[in-house]
Amino acid sequence: MTAVHGLQTVEIVTLEPGPAITALSAPDQGGCKRFPVALASHDVNADGLDDVLILDPACGNWIALGQQGGGFGPAAWEDVLPALPPNPYLYAIPIPGEERPAIVSSNEGAIAVARFRGAWERIDLSFLMPYMSSLHASDILAATAPLDAGGIEVAFQRGEFLTMLALTPASAAAAASSIEARIDVPQELIGALKPHIGYDHLTSFVPDGCELFALGVGLYPPEAGDAPRRVHALRRAGGSFVAERLPLSCDVTTFAVVHGGDGLEPVLGAVERCGDDDVFELARIVGCGERVEVLSQAKIEFNWRAAPAPPSYSRPTLPRTSGVRLIADRPAPTRVRFVHYDGFDLRVFTAEDGDGWTIRSTKTSMHDDREDVSW
């Protein structure tokens, strides 16, 4: 599922038997121009079908409910879930032992959580410390990990701070508790005149028996100039968090992780900028992230497009920014796939292990132009 900044339409992307796009129908709002800012997917009405949750500050939040005969039907948010603010971040977080997920809407200062305890209820929480730097990351959620006592621990990023939030089972008295600390980035990792202000593409990565819990690309303030984009591994160290660099080859535009399990090792796929070339690199993450082994590299085309800008804007399209997402999966034990969609073109990078890993890329035009702009 995808929502592109500046476009009204939420779309479902399918790859097999061939690439296809399906637009979701939103509730009628009398000509209001929709502006989806955050998406999540889970079965929220316990009918066995995945639903799509959409936060929209312009025309109101809504839900596309999965239908028994296939497809999705639009519903007003409040017909299914408690009202949540249209924050820029939204998550559906499964909690072990609970029938339905926790629905979390968050911004840099607070979160709102919808929990199902026989009926849906809303819990509002503020972060412990004042927000002390601007957020330039593409996501606030860093990671989830099971708690020994049951439930899920979730990490929220606010600039150079992380807040750990414990979502406990419905039977527990406390709904949530949190700790907060600054991410310690060693001086040798900074690589610029200014320190990091946060992380882009924060991705949950929790190998068994490891303090490692997330990977992300370190971000710098604009005044740092042309700073490097490197992938860091984030670890817990008591009540603080420490960053360590993963030795990938070049500046990272975006990355995604295919998690391990069933005897398979986790692998990382990254779109990188090496000089004047865009390169796709596939790497194996070894142990607790102390090193990576490059499995394969290939030159690629990654000149992605941005949505049309408002008429008063000085450029015909919106500026391209950090936060470009890859979606990763493993269709077969010896094949991994990474997908990017910019609202116009669908790019798929597939790596296959035969006598060594090989990478191939495809680009399919899904829209020549877009008329569904949000202005």
message: For VAL336, only one of the following conditions fails: (1) within 22 Å of the chain's Cα centre (by Cα); (2) touching a residue at least 60 places away in the same chain (Cβ under 8 Å); (3) open to solvent by 60 Å² or more (accessible area, probe 1.4 Å). What is its number?
response: (3)
message: Please go through region 342-375 and give me each residue that is of a type in the set (A, V, I, L, M, F, W, C) and under 22 Å from the mean Cα position of the chain (by Cα), ordered by number.
response: PHE344, LEU346, VAL348, PHE349, ALA351
statement: Going through region 320-338 in order, the residues found to be part of a strand (DSSP E or B), closer than 24 Å to ALA38 by Cβ and touching a Phe, Trp or Tyr at 6+ places or on another chain (Cβ under 8 Å) are ILE327, ALA328, PHE338
task: Working only within region 350-375, note down all residues that are in a strand (DSSP E or B) and closer than 29 Å to PHE35 by Cα.
output: LYS363, THR364, SER365, VAL373
query: Given the conditions (1) modelled with pLDDT of 80 or more; (2) assigned to a loop (DSSP other than H, G, I, E, B); (3) open to solvent by less than 20 Å² (accessible area, probe 1.4 Å), and given that ALA137 satisfies all but one, which numbered condition is not satisfied?
result: (1)
message: Suppose we filter LEU53, LEU7, LEU24 for residues that are in contact with a Lys or Arg (Cβ under 7 Å, 6 or more places away or on another chain) and modelled with pLDDT of 95 or more; which single one remains?
response: LEU7
- request: Select from region 259-305 the residues that are at pLDDT below 95, open to solvent by less than 30 Å² (accessible area, probe 1.4 Å) and either outside any strand (DSSP E or B) or aromatic (Phe, Trp, Tyr) (or both) and list them in ascending order.
  value: PRO266, GLY289
task: Tell me which of these LEU65 doesn't satisfy, since it passes every other one: (1) under 30 Å from THR362 (Cβ atoms); (2) open to solvent by less than 40 Å² (accessible area, probe 1.4 Å); (3) in contact with an Asp or Glu (Cβ under 7 Å, 6 or more places away or on another chain).
output: (1)
- prompt: Within the set of pairs 6+ apart or on separate chains, which have a first residue in region 1-23 that is free of Cβ contacts under 8 Å to residues at least 40 places away in the same chain and outside any loop (DSSP other than H, G, I, E, B), a second that is open to solvent by 50 Å² or more (accessible area, probe 1.4 Å) and polar (S, T, N, Q), and C-beta atoms under 6 Å apart?
  reply: ALA20/THR14
query: Going by the structure shown, is GLU78 over 28 Å from ALA155 (Cβ atoms), among the acidic types (Asp, Glu) and out of contact with any Pro (no Cβ under 9 Å at 6 or more places or on another chain)?
result: yes
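The values are calculated or read from the model by the stated rules, or taken from the named source; none is laboratory data. From a predicted model like this one, the values you see are computed outputs, not experimental measurements. Cβ sites come from the backbone with ideal geometry, for glycine too, and all protein chains shown count toward neighbours. Please note that ligands, DNA and RNA were not included when accessible areas were found on the heavy atoms of the full protein model with its side chains. Shrake-Rupley method; radii C 1.70, N 1.55, O 1.52, S 1.80 Å.
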